[in-house]
Amino acid sequence: MSVKKLHFAPPDHWVGDVHPIKTRGRWYLFYLRADPNQPERKFESSLAVSDDLVHWTPVTLKHLRPEVMHRNYYVVAPFWDHRAGVYRSFFGLESSVSQDLIHWDRAEDFRLPRLHDVYAEQRDPFVFWDDHAGCWRCVMTCGLHGFPREMCGTIGLFASADLREWRHEGPLLPGGLFPVIECPQMFRLGSRWYLLGAIGSPRGVGGFSYWMAETSTGPWEPTPRSLDGPDFCAPQVAADEQGRCLAFGWIPLASSAFQQHWGGHLALPREIFRFPEGDLGMGLEPSVARAIRGGCLWESGEPGLRTGGLDRPRLGGGGAVSPPMPSAGLIELSMTWPQSVGCAQVWFEHSNISVKIAASRLPGLLEVWAGTTRLAEASLLRALPREVQCLIVFEENLIEVFLAGSATLTARLPAPIAGSRIQWSAADGFPAPDIRVFEMGPPCSSPASSAAAEAKDRG
């Protein structure tokens, strides 16, 4: 399997649905294993840890009573039970408990209710403490009776005082509007509540969709908003010690307009922020942005790559053309965006990949294309500032775009862009941007550090 320098996946399997939690100064990324060579281990709970969001080290999970383990995926969306002083995880309708996030045991007395008369399907629970209501709440993927699967999706809400007895507070979304909504979450940011879910489609798992409300029980805005595209799969949000909300997701191993491979590589973490009107934006987490930027290889106006001058730049299609790209790197664009111009693009000429920004009117679009095929798109719901910064991170056949500190887009490409020259094009009257190409920074993981990471967690 392909081990990448920046986008984490262990050498022997792929990363599926992720469930992050930060505690004791360390990020614990639980995820479901995707392993084509061992199909019996599909959806098995796995763990990687990081102290900096850049270097990820696999750690072996241990079940204290394997004979009663019940499911391979016994750790999903773990949380801290502040009353009992333990970590818990609900999976399906069952639960597990742990003292250290490494060693887990089945907790038979803690179960979620099955409502056969209301829901045809219940799974993917997310449990959290609601400070404002003074109780535990749980949101979960649910399918309503009386609707076809492509229209049965909703998110069920439950409440509890002790995590043992649960009361149903109803479906939060009406039936007949959505397919199954995977990996739901609820969190508060500022004065608003946000309901997050991955709205499925025939091609696979959905991306980052969210609804807003004034309270945790709603009512919720009827139309979801979206962040990023369909290849930022099944995103989950976790808070750090400073209260920042970070979003994590995975990038499918293969993706097309018709089908999406389940499992792939970890996407770069995003920081979520709230605009004054309540809508959300995302950007690359700042410490990660600093860590992954290596030395500058080339910038527009220079004669060639600083590491040896492979070729001289030339002009064409409206902007500077760079020397051939390495297999992985970062591209920074600083643009002055004229209000009269609505579209600009960066084109990787050899691989025929392009990143397009269309913002003449709202909602605008951030898109990634392969020739005449659009691979991914994200809506731009806010006007771009006059001075626009755009960061493009690429690694082999992965690309992630971070635009103007508010919009992001992820895509799996049909082929790597190594060897391609980047070319800028835009309508007349668009000033040429400043373009800089950087080499990739440090690796995302160090296999030799696995034992040290496990020893630290045991200690």
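Observations, loosely collected:
- Considering each residue of region 149-162 in turn, at least one proves to be farther than 30 Å from ARG83 by Cβ, hydrophobic (A, V, I, L, M, F, W, C) and either touching an Asp or Glu at 6+ places or on another chain (Cβ under 9 Å) or not assigned by TED's automatic domain parsing to the domain that holds PRO113 (or both).
- Residue in region 24-34 that is of a type in the set (Lys, Arg) and surrounded by fewer than 13 Cβ atoms within 10 Å (Cβ to Cβ) present: yes
- Every condition in (1) in a loop (DSSP other than H, G, I, E, B); (2) aliphatic (A, V, I, L, M); (3) surrounded by 18 or more Cβ atoms within 10 Å (Cβ to Cβ) holds for ALA84 except the one numbered (3).
- A single entry from LYS5, LYS42 fulfils the requirement of being in contact with a Pro (Cβ under 7 Å, 6 or more places away or on another chain) and either farther than 22 Å from GLY207 by Cβ or in the same structural domain as ASP100 (by TED's automatic domain parsing) (or both): LYS5.
- Unique match (being surrounded by fewer than 17 Cβ atoms within 10 Å (Cβ to Cβ), over 19 Å from SER201 (Cα atoms) and modelled with pLDDT of 95 or more) among ARG106, ARG137, ARG164: ARG164
- Scanning region 343-394 for residues that are within 22 Å of LEU227 (Cβ to Cβ) and not in a strand (DSSP E or B) returns ALA359, SER360, ARG361, LEU362, PRO363, LEU381, ARG382, ALA383, LEU384, PRO385.
- Scanning region 124-134 for residues being surrounded by fewer than 22 Cβ atoms within 10 Å (Cβ to Cβ) and in contact with a Ser or Thr (Cβ under 9 Å, 6 or more places away or on another chain) gives a total of 3.
- Looking only at region 111-131, and only at residues there that are of a type in the set (Asp, Glu) and part of a loop (DSSP other than H, G, I, E, B), the one that is farthest from GLY197 (Cα to Cα): ASP117
- Of residues in region 203-241 being among the charged types (D, E, K, R) and part of a loop (DSSP other than H, G, I, E, B), the one farthest from the chain's Cα centre (by Cα): GLU214
The values are calculated or read from the model by the stated rules, or taken from the named source; none is laboratory data. Keep in mind that this is a model prediction, so the values were computed, not measured. All Cβ positions, glycine included, derive from the backbone under ideal geometry; neighbour counts span all protein chains shown.
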